[in-house]
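K.L.:
Below you'll find the structure I mean.
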Amino acid sequence: MCGIVACVTSKKSDFAADACFKGLEYLEYRGYDSAGISLIVDGKFETKKAVGKLESLKKEIKSKPFSKSNIAAGHTRWATHGSPSIENAHPHISTNGRVALVHNGIIENAAQIKSEKLQNIKLTGNTDTQIVAEYLSMLLEETGNLQNAMTKLVKQIDGSWAFVAMDVKDNSKIVCSRHNSPLVIGKGESENFIASDVIAFVEYTKNAVEIKQDQIAVIEWDNIKLFNFAGEQIDYANQEYKIDWNIDAAKKGGYSSFMEKEIREEPAAVRNTIYGRGSQDGRFGLDRLDFDENYLKLIDKITVVACGTAAHSGYVARFAIEHWCKIPVEVEFAHEFRYRDPIVNSKTLVIAISQSGETMDTLQAVRYAKQQGAKTLAIVNTLGSALDRECDAVLYTYAGREIAVASTKAFIAQITACYILGLYLAEVRGNLFLDEIESKIRELKTLPDKLAKVLQSYDDIKAFAKKEKNTESVLFLGRHIGYPIALEGALKLKEIAYIHSEGFAAGELKHGPIAIIEKGQLVFVIVPPKNDRAEVHSKVLANIEEIISRGGRIVVIAEEGDNSLSEKLEKGGIEKIFFRPKTSILFSAVLDIVPLQIFACSVALFKGLDIDMPRNLAKSVTVE
Ligand code: AGP
C-alpha cells in the first residue's frame, strides 16, 4: 500500500512541490521505505528521491531545493515488487524522459508487457511500475496525447492500480486512472490535487471528487474531466463531496480506528497477495529462493515457527500443506521451539511467519534452525526486514502496512500466502497436477469478493458487540480448521478489549472446559461447511447442544445456506448466526475469522478503549 499525491496550480511557485511533500508526510502511514517527488521545469522533469522515511527526502530537498513549478507528483512507497532502493522508488521516469509515473497497487501482467512490448528497453530497477511507465511513454509517442495513451494502457493491464502520470511536454495537466486502488481529487481555489487519501490535501480544500473504479481523470488547475475506460466523458457531480473529517480521522479513512480500516482492507490484502504471482501457466512462485528448487523435493518435514496471530496462521497452513503435499507439518511457538531440542536437520524446511519480520523470538528460532542445517523460508509482510534478509527464501504477504497492534489483514494475508506456498510445493513435488492446482487457484481468487461480502455484515456484528460490550468472559470453539480460528478470535478479544476469552477445540469440551459453562456464558462456535466434512459438522452441532443445555448463549459463524441451526435461532439458545459465503473447508478460515475480528474491534470501541494501541502491547516484539 503506497501513498500518492499530486498537484497542478495556476502559476509557477514553490507551492506545488511544498504541497506534495506535506501531503506525503500525511500519507507516511501508508508506507515509508522510500519516497520521491517530480516536477516539470522548463520542459524537463526535476526529480528527487530517497530511501527510508520521508526525513531522508526532506534532507535531499533541503540540500538542493526544487525549482519553481506549477505541477508536481509525489509518492511514498511500501515495497511490494522490488526491494526498497532509489532505482525502485517512485516517480518512475521513462527512459525517453517523456513520462513520470507514480503507482499504488500491483500489475499482474507486467512481466508479459515487458517481454512483448519492451524487448529493446534496458530498465534500471525491477518494479512493475517502471515497466508501465515505459510502456505508457511508448503509447504517448504513438497517440501524442497522455489521456489517449492512458486509455489505451488500461485496456492492456491486469491487477490493481492508482496511476498518476505527467507528460513533460505538457505541464498543464495530470492524467490519472484507478482500478482497485484508491484515488481522490481535491478541488482548490487556484489549484487541484490528486491523492490516495483526502488527508493529503484536506488542509487546503475540503471539496473532494471521488475517482470511481475504472475511471480516468484529466486534471488542470481550473478544470477536471472524468472518463470511463471506453474514453466517454462522465458527469461527476454525484462523485463530489465535502470532507467532514479532521486530520486524525482522515488518516483512518474516516473509520474509528486503524484496526477497523485494516479489517476493511482485507479483500485488497488477499487480492494483492495472490496477484502478480501466478505466471502465465498458472504456476505460483516464491519472491526469492536462494537454493535449488529441487531441494524442496528432498525435505521430509516442515516446521512452522511464529508467535501470536502469526502462529495461528501457521496452524491453518498445516491443514492445507499436509493435505496437498502429503508432508508432515508441525507448528511451534517460536519462543518454545529451540528449547525443546527439536528434530531439525537438512531435510527440514523451517517456515517463519511474521508481519513485522522483526520478532526476536522468531528470528532466534530461524537462527537456531539454520545452525541445525535446515533451509528457512520467511512469510513476511515487511520487505527488507531482518527475517526477509536472514531466510533462504521468502514469500511476501502484500497486505500493505499494518498499523494497529492487533493483526487483522496481515493474518488473512499470511493464511493466503500459506495456501500459495502449499500449492507451489505441491506442484514442485508433483503431489498435484497443474489442473488441480489451477482449480484451487481459481477458488483462491474468489476469496477477495467473498471477504467483501462478509464485510457487508460489519454493522450487524457491531450492533451485537454493543449489546455484549460488558461481557466478562467469552469462549470460542472450533473443530478442524476452525480450531486455530477460535484461538485467533480469542486472542483478538483478549488483546484489544481486555476480556478474558479462551479458544479451544470443540472436541475438548467434554474433557474439561464444559465445567465452566454456566447460564449466560457467551460462546462463539465456528461451524464447518456441511458438505465438506459432514462428520465434523454434525459433531460441532452436538457440541452446541451440550452448551445450550447448560445455559450457554451461542453465536454461530456458519456457511450461507446451512439452516441446520435456524430452528434453534427461533426457539432460543442461539443468539445470532453470522453467515459467510460458501467456500471449501480449507479456505473457510479466511472468511470465518472476520466476524470475530469485527466483534473484538467493536467491543473495544464501545468500551472506549484505545483500539490501535492496546495497553502493555507493541506492534513488534523485538526482544525475547
Ligand atoms: C497479533 O494481533 C499480535 N499483535 C501478536 O500476537 C503478533 O501477531 C505477534 O507478536 C507476532 O508478530 P509478527 O507477526 O510481527 O512476528
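K.L.:
Checking GLU60 against (1) closer than 23 Å to SER181 by Cβ; (2) in a helix (DSSP H, G or I); (3) touching a Lys or Arg at 6+ places or on another chain (Cβ under 9 Å), which single condition isn't satisfied?
P.N.:
Every listed condition holds for GLU60 apart from (1).
K.L.:
Determine, yes or no, whether LEU377 is within 23 Å of the chain's Cα centre (by Cα), closer than 17 Å to SER313 by Cβ, within 15 Å of the ligand (Cβ to nearest atom) and without any contact (Cβ under 8 Å) to a residue 60 or more places away in the chain.
P.N.:
No, not satisfied.
K.L.:
For segment 316-334, give me each residue that is surrounded by fewer than 21 Cβ atoms within 10 Å (Cβ to Cβ) and aromatic (Phe, Trp, Tyr).
P.N.:
PHE319, PHE333
K.L.:
Next question. For segment 224-246, what are the residues that are closer than 27 Å to ASN171 by Cβ and in contact (Cβ under 8 Å) with a residue 12 or more places away in the chain?
P.N.:
Within segment 224-246, ILE224, LEU226, PHE227, ASN228, PHE229, GLY231, ILE234, TYR236, GLN239, GLU240 meet the criteria.
K.L.:
Another question, then. Scan segment 560-569 and give yes if some residue there is part of a helix (DSSP H, G or I), more than 15 Å from the ligand (Cβ to nearest atom), modelled with pLDDT under 90 and of a type in the set (D, E, K, R), otherwise no. Outline the logic, then answer.
P.N.:
Here is the first cut: in segment 560-569, the ones part of a helix (DSSP H, G or I) are 566-569.
Filter once more, keeping what is more than 15 Å from the ligand (Cβ to nearest atom): 566-569.
Next, only the ones that are modelled with pLDDT under 90 stay: 566-569.
Add one more test, that the residue is of a type in the set (D, E, K, R), and what stays is 567-568.
Yes, segment 560-569 contains a residue that is part of a helix (DSSP H, G or I), more than 15 Å from the ligand (Cβ to nearest atom), modelled with pLDDT under 90 and of a type in the set (D, E, K, R).
K.L.:
May I pose another question? Hey, among the residues in segment 599-624 that are β-branched (Val, Ile, Thr) and either within 14 Å of the ligand (Cβ to nearest atom) or within 24 Å of GLU443 (Cβ to Cβ) (or both), which one's farthest from the chain's Cα centre (by Cα)?
P.N.:
Applying the first criterion (β-branched (Val, Ile, Thr)) to segment 599-624 yields 603, 611, 621-623.
Still in the running and either within 14 Å of the ligand (Cβ to nearest atom) or within 24 Å of GLU443 (Cβ to Cβ) (or both): 611, 621-623.
Values: ILE611: 19, VAL621: 21, THR622: 22, VAL623: 26 Å.
Across segment 599-624, the extreme among qualifying residues is VAL623.
K.L.:
Separate question: Only one residue in THR124, THR129 is β-branched (Val, Ile, Thr), assigned to a helix (DSSP H, G or I) and within 27 Å of TYR398 (Cβ to Cβ). Which one? Even if it seems obvious, please write down each step before you answer.
P.N.:
On the way: THR124 fails: assigned to a helix (DSSP H, G or I).
Sole residue among the options that is β-branched (Val, Ile, Thr), assigned to a helix (DSSP H, G or I) and within 27 Å of TYR398 (Cβ to Cβ): THR129.
K.L.:
Also, quick follow-up: Filter segment 132-175 down to the residues that are in a helix (DSSP H, G or I), among the β-branched types (Val, Ile, Thr) and more than 13 Å from VAL99 (Cα to Cα) and list them by number. Steps first, answer last, please.
P.N.:
In the first step, residues of segment 132-175 are kept if they are in a helix (DSSP H, G or I); the result is 132-143, 146-154.
Remaining after also requiring among the β-branched types (Val, Ile, Thr): 132, 143, 151, 154.
Listed by number, the residues that qualify are THR143, THR151, VAL154.
K.L.:
Continuing with the same structure: For segment 343-358, which residues satisfy the criterion of being surrounded by 20 or more Cβ atoms within 10 Å (Cβ to Cβ) and either more than 16 Å from the ligand (Cβ to nearest atom) or outside any loop (DSSP other than H, G, I, E, B) (or both)?
P.N.:
Of all residues in segment 343-358, those surrounded by 20 or more Cβ atoms within 10 Å (Cβ to Cβ) come to 344, 348-357.
Hits for segment 343-358 are VAL344, THR348, LEU349, VAL350, ILE351, ALA352, ILE353, SER354.
K.L.:
So the check is Cβ under 8 Å with 6+ separation or different chains; which pairs have a first residue in segment 513-536 that's at pLDDT below 90 and of a type outside the set (S, T, N, Q) and a second one that's in a loop (DSSP other than H, G, I, E, B) and crowded, with 21+ Cβ neighbours inside 10 Å?
P.N.:
ARG533/HIS480
K.L.:
Which residue pairs have Cβ atoms closer than 7 Å, lie 6 or more positions apart in sequence or on different chains, and pair a first residue in segment 301-326 that is touching a residue at least 24 places away in the same chain (Cβ under 8 Å) and of a type in the set (Ser, Thr, Tyr) with a second residue that is assigned to a strand (DSSP E or B) and more than 16 Å from the ligand (Cβ to nearest atom)?
P.N.:
THR303/GLU330; THR303/THR348
The values are calculated or read from the model by the stated rules, or taken from the named source; none is laboratory data. Worth saying up front: this structure is predicted, and the values here are computed from it rather than measured. For neighbour counting, all protein chains shown are included, and Cβ atoms are generated from backbone atoms with ideal geometry for every residue, glycine included.
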